[in-house]
Structures are given as C-alpha cells and as structure tokens.
C-alpha cells in the first residue's frame, strides 16, 4: 500500500521510497526512510497527507505520497477502532 492508502491515525512503517533521487534524499534527511514509523494525521485535497514522524509533522503532496510504500505496524481489522492521534503540544 502507499501512503495515500494509509488509514488516518494508523501507525505505519515505510517499506519503500520510489521518488527521484533528490526528493528521496531530502526525505531521508528529514527522517523519512525505509523502516521509519509514521502516522497519517491529516488528509489534504488532491491526495496530500500530513504525517507525524518522531514527533515532527510533515506535509507531503499527493504525488509524493503515492510513491512512498508503507505497511501497517499492526494489521488493521475492518472492525477494529483506529487509535486516536496524540495531541500536539
């Protein structure tokens, strides 16, 4: 699944980044790399996402979110409630 498919509030782990080298390098510098845990905190228009990574929040455009592969840390069952996102201080 891609970051665009990730459920709101679910904890995800990045499994692949298929962006051009310069963009992938910039994400790596910001801490978004394979193995990183992230949480989708907001969905924006045109597929954009706001994600929380290690206490920081990042906004990604929809095109970039489509090229970041993720998997749920804990498989989400359709009837299982999604844990709420922690409040930002």
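The numbers here are math on the coordinates, done by the rules we state, and not lab data. Nothing here was measured: the structure is a model prediction, and the numbers come from that model. Cβ coordinates were reconstructed from backbone atoms using ideal geometry, including for glycine residues, and neighbour counts include every protein chain displayed.
For segment 1-16, the set of residues classified as over 13 Å from residue 63 (Cβ atoms) and assigned to a strand (DSSP E or B) consists of 11, 12, 13, 14, 15, 16, listed by residue number. Between 21, 34, 40, the distinction of being touching a residue at least 24 places away in the same chain (Cβ under 8 Å) and either buried (at least 17 other Cβ atoms within 10 Å of the Cβ) or more than 14 Å from residue 58 (Cα to Cα) (or both) belongs to 40 only. Within segment 43-54, being surrounded by 14 or more Cβ atoms within 10 Å (Cβ to Cβ) and either out of contact with any strand residue (DSSP E or B) (no Cβ under 9 Å at 6 or more places or on another chain) or in contact (Cβ under 8 Å) with a residue 12 or more places away in the chain (or both) holds for 43, 47, 48, 49, 51, 52, 53.
Residues in segment 28-50 that are closer than 16 Å to residue 4 by Cα and assigned to a helix (DSSP H, G or I): 45, 46, 47.
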